[in-house]
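Below is one structure, written out as structure tokens; comments come after it.
The values are calculated or read from the model by the stated rules, or taken from the named source; none is laboratory data. This one's a predicted model, so the numbers in the text were calculated from it and none came from an experiment. No Cβ is skipped: glycine too gets one built from the backbone with ideal geometry, and neighbour counts run over all protein chains shown. Areas reflect the complete protein model, heavy atoms only, side chains present, ligands, DNA and RNA absent. Shrake-Rupley method; radii C 1.70, N 1.55, O 1.52, S 1.80 Å.
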Amino acid sequence: MSEQLPNLDLSLFEDAQAAPRPGDHKPRILLLYGSTRERSFSRLLVEEAARLLEHFGAETRTFDPSGLPLPDDVPVEHPKVQELRDLVLWSEGQVWCSPERHGAMSAVFKAQIDWIPLALGAIRPTQGKTLAVMQVCGGSQSFNVVNQLRVLGRWMRMFTIPNQSSVPKAYMEFDETGRMKPSPYYDRVVDVMEELVKFTILLRDRQAFLVDRYSERKETAEQLMSRVNQRSI
Ligand SMILES: Cc1cc2nc3c(=O)[nH]c(=O)nc-3n(C[C@H](O)[C@H](O)[C@H](O)COP(=O)(O)O)c2cc1C
């Protein structure tokens, strides 16, 4: 299906500082989904999203949550936790796609976010990265989960893009090979991925400037002053 899609026109960025320079790496996008079911529609939706992102020039990685222990139930050295954290550090943007369960995001999805600390030493693994949110429903269309994911994105200090995707009756939208059928829901996923690539290119080299906060500069200056004062006593 993606062969028929037009390429993403990036000419708008040509003269801007945000233009991807020759030799620059492709935008790195991590995709997370929220189910361990064998035929999981949140996984199939993320696979469709990854195809589109690659079509638009991004490099993608998808984390398989199967085998990830419950948050804090094992030491952080657990290989699945390390795999997840390494992928988060690698990424410049992310796609989060959770099924709706009892009107909320799945525990499988939330467990992944709960394993990502706001700060890993001096590094903030998610701060300043772009984010696209998606959900699949078994019933009629709902925005409960995407709304929750937006709150979670804010908590992780990410830039959540305006567009989003919610696929109702997800079991109707995929064929037996796991590909998404043509529909307005598919077109929306194209729109969301196109927008995510644009925002990631615009923001990725400006993270340090964009996330710089007055209150944190003030706190650092105060800590420095108190250390200097202690030394001079
Ligand atoms: C325990 C449970 C609760 C669910 N609650 C909802 C719900 O509140 N709203 C909804 O639209 N679908 C609900 N569903 C349906 C799932 O969203 C649907 O089966 C979805 O495809 C599951 O995601 P997956 O295919 O990635 O595993 C629920 C399913 C289960 C098993």
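In 10 Å bins starting at zero, report the fraction of Cα pairs in region 83-199 per bin as a rounded %.
13, 43, 34, 9, 1
Put a dot 7 Å past each Cα toward the Cβ at THR36 and LEU5; how far apart are the dots in nm?
It works out to 3.1 nm between the two label points.
Would you mind telling me the antiparallel percentage of the DSSP bridges in the chain, rounded to 5?
Values: 4 of 26 bridges.
Once the DSSP bridges in the chain are tallied, antiparallel ones form about 15 percent.
Stretched out fully, how many nm does the piece from HIS78 to GLN127 gain, at 0.36 nm a residue minus the Cα gap?
Separation in residues times 0.36 nm, less the Cα-Cα distance, equals 15.3 nm.
To the nearest 10 degrees, how steeply does helix 79-90 sit against the main Cα axis of the chain, on a 0 to 90 scale?
That helix lies at roughly 80 degrees to the long axis.
What's the percent breakdown of Cα-Cα distances in the chain across 10 Å bins, shortest bin first?
7, 31, 33, 19, 7, 3, 1, 0
Let's test this: bin the Cα-Cα distances of region 128-178 at 5 Å from zero up to the farthest pair and state each bin's percent.
5, 21, 24, 18, 14, 11, 6, 1
Nothing charged except the Cβ atoms of Lys and Arg (+1) and of Asp and Glu (-1): what's the magnitude of the dipole of the chain about its Cα centre? Round to the nearest 20 debye.
740 debye
Share of the chain's accessible area from carbon and sulfur, percent, 1.4 Å?
Whole-percent figure for carbon plus sulfur exposure: 52.
Take the alpha-carbon centre of region 137-207, take the same for region 72-119, and report the distance between them in whole Å.
17 Å
Enter the angle in degrees (range 0 to 90, nearest 10) between the Cα long axis of helix 184-203 and the first principal axis of the Cα atoms of the chain, meaning the one along which they spread out most.
Roughly 20 degrees between the two axes.
Applying 1/(1 + (r/R0)^6) with R0 = 25 Å to the Cβ-Cβ distance of GLU222 and LEU89, what FRET efficiency is obtained, to the nearest 0.05?
With a Förster radius of 25 Å, E is 0.30.
Note the angle between two axes, namely the Cα long axis of helix 144-155 and the longest principal axis of the Cα atoms of the chain, as a number of degrees from 0 to 90, rounded to the nearest 10.
Around 20 degrees separate the two axes.
Charges on Cβ only, +1 for Lys and Arg, -1 for Asp and Glu, centred on the Cα centroid of the chain; of VAL228, ALA119, VAL190, which one is farthest towards the dipole's positive end?
In the chain, that residue is VAL228.
Give me the accessible area per residue for region 184-233, probe 1.4 Å, as a whole number in Å².
I get 73 Å² per residue for region 184-233.
Taking R0 as 41 Å, what FRET efficiency do you get between PHE209 and ASP175 from their Cβ-Cβ distance, rounded to the nearest 0.05?
Given R0 = 41 Å and the Cβ-Cβ separation, E is 0.35.
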